[in-house]
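In what follows, a single structure is set out as structure tokens and then discussed.
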Amino acid sequence: MIMQKRKRLFFILLFLGTLIMAGVLFLIPQEKRTAQADTYCTDADKHYLISYSTVSGNFQYLNGNNLDTPFVYLSKNSSALGSNIEKVNGDAVFLDSDSIYLTIRISYKNMNIGGNVKLTLERIYNDSFSKSVGAELEVWTMGSDHFYQTYTCPDPIQGLDFGTGIYLELSEQYSTGGNAAFSPKNKVLIRLDAHTDDGAPMVTLSCGDDGYSQTPVTVDYYDRYSPKGLFSRSTGKTFPNGGDQSFQTGAYFSEEGNYLIRVVDLYGNPTEKHFTIDQTAPTLELNNLSGQAFPEITDNIAQNYISAKWDTESFGVGKQLSNIDDELTVKYGLSKSGYPTESDTVYTRNKRLEEEGYYRFEISDKAGNKSVYYAVLDKTAPAVTPPDEYMNSSFVFSPTDPFGVRIEYKK
């Protein structure tokens, strides 16, 4: 009986101890384990540029000048040159997968020496992985201008880390051709480093960003990594959606229109800018003019009021407005003695101006194109002094008028 009670007590204590231990372990912060790949290529915004440097040895038969920078391709499957490559543009690569395949492309140029050069990719390695390859890349050098060979690692690489570089262990051999034997292997070690850049190219417009210009516009751009400039021009009311014509930095644009500039670097980082070249002056129409009925009067004359109106619905090259973002500004100036030289008061469309005087209207657009109009508002009748000699066969009234209106009468 006593033994049974002891056994029961032992199992109860064991059960309680297990619960307590589990609780303690649960409360202890656990180390978060993350695969190295998670810090490398799960970020879809990471881009990599591969650079090349010789660590040891020299290419004796290629003279170092015939080997281009080895290209590194990273893809989602073993078809390195297939559709699964996210981006290959020159020597830039774009990654968004944890498990990737590595392809090395060895490229030669100006192979105008006699005989054959055989290059063997012996090994690819860094601190994270090592692949023994032993792939022979034979180059027949009978005057070919450009030649390349590729090698793709047969297995995907997990957690590829560019931080310590990628090393290519190569061996070079030479044969004079025919049945001649190849020379002993000459070992060369190359290091490939990756550089990241999420910065977009710098683009400068001579008219300023989103500028409007009467004169030609110069576009300059710069980026460390092979930027490419594209542009499109629209003659309608809106800007183009995408650039489809290439241009070099320093290009000079002179045709009227709405331009989209798009510059993309080797990583695919884009910069977009807009500008408008507009050389068409807007126009307006003065209302309530009465002087136009008298051909001999050259001034625009109004008696009760003056107003102005203008078109706001015509867009495009040669039209009132260059695009839907263009704006028209109308101002007027007023003087009691002679037409003013400036228009400094903002005018609202169709507003009646009733103060007597000489008016100067000016309408302008964002590019600075403008048209100027003049008019006189005269509400004062001239004072006429009759001559003493009423019976003369010819006489002239001599009126005085504050705005210079002249009235003559001849019998």
Inset, instruction - Keeping to segment 223-241, report how many residues are open to solvent by 70 Å² or more (accessible area, probe 1.4 Å) and assigned to a strand (DSSP E or B). - result: 2
Inset, instruction - Determine if segment 215-222 includes at least one residue that is within 19 Å of the chain's Cα centre (by Cα), open to solvent by 30 Å² or more (accessible area, probe 1.4 Å) and on the phi > 0 side of the Ramachandran plot. - result: no
Inset, instruction - Please name all residue pairs, on different chains or six or more residues apart, with Cβ atoms under 9 Å, provided the first residue is in segment 177-194 and is within 15 Å of Leu62 (Cα to Cα) and the second residue is open to solvent by 40 Å² or more (accessible area, probe 1.4 Å) and aliphatic (A, V, I, L, M). - result: Val188/Val55; Leu189/Val55; Ile190/Val55
Inset, instruction - Return the residue satisfying two criteria in turn: it lies in segment 93-131 and is among the hydrophobic types (A, V, I, L, M, F, W, C) and surrounded by fewer than 19 Cβ atoms within 10 Å (Cβ to Cβ), and of such residues it is modelled with the lowest pLDDT. - result: Phe94
Inset, instruction - List the number of the failed condition for Thr271; all other conditions in (1) farther than 25 Å from Gly333 by Cα; (2) modelled with pLDDT under 95; (3) open to solvent by 30 Å² or more (accessible area, probe 1.4 Å); (4) outside any loop (DSSP other than H, G, I, E, B) hold. - result: (3)
Legend entry - In segment 322-358, the residues that are among the hydrophobic types (A, V, I, L, M, F, W, C) and free of Cβ contacts under 8 Å to residues at least 60 places away in the same chain: Leu328, Val330, Leu334, Val346, Leu353
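The values are calculated or read from the model by the stated rules, or taken from the named source; none is laboratory data. Remember, it's a predicted structure, so these values are computed and weren't measured experimentally. Ideal geometry is used to build each Cβ from the backbone, glycine not excepted, and the neighbour counts take in all protein chains shown. SASA here: full protein model, heavy atoms, side chains in, ligands and nucleic acids out. Shrake-Rupley method; radii C 1.70, N 1.55, O 1.52, S 1.80 Å.
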